[in-house]
Amino acid sequence: MQLYRLVYYSEAADNLTIQDVKSISAKASIKNESLLVSGGLLYCEGKFLQILEGSIRPVNKLFETILRDPRHKNVNLIEFSRVKKREFEGWEMSLVFFPTSRDFYPEYIKYSGGDSFDPMSLDGDVCVAFLRGLLERQKR
Ligand code: FAD
């Protein structure tokens, strides 16, 4: 199976609550598992950073659906590329939630070199390392 990785950034719709985000993530885990799609979703300060990895068709179709979802806006594709292996094996769609970016400042500085949370300034590899770092911390 040829693997692809898609990374995007978006902004939450104005009325979105953390409960809505948890519900999106819980349903996404079930659907992604059935599509053999893995990845991670960060939600912080009304911003989403999501990574999806899997075969080209399911990843594309899922992204089409996500693009149309009114629960977020200003979707910006950061990367869509072929990759050799999954970085989120076993994570169908893990949500990392931080109320403010100060809560992940050490990881952000480590991977991005920047000091204010701006996903658009990151490339795909940095997003992957950053999100994996946060998921590992959450697991501990
Ligand atoms: P349906 O549930 O029938 O959805 C039909 C359409 O209605 C969808 O296109 C969606 O835009 C919209 N919709 C569904 N529920 C609501 C609601 N409560 N309020 C407003 N509109 C709604 N889904 C995944 O399966 N995997 C993911 O990794 C994933 N990541 C997401 C990340 C973000 C930031 C957001 C906002 C959504 C994400 N979703 C994800 C949800 C995705 O957009 C679809 O809602 C979901 O895949 C179900 O779509 P569906 O067409 O199969 O079914």
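What follows is calculated from the coordinates using simple rules that are stated; it is not laboratory data. Because the structure is predicted, anything quoted here is derived from the model rather than measured.
Things worth noting here:
- Gyration tensor verdict on the stretch 16-140 (Cα atoms; rounded if a/c is under 1.5, prolate if a/b is larger than b/c, oblate otherwise): rounded
- The chain, relative contact order [Cα under 8 Å, separation at least 6], %: 34
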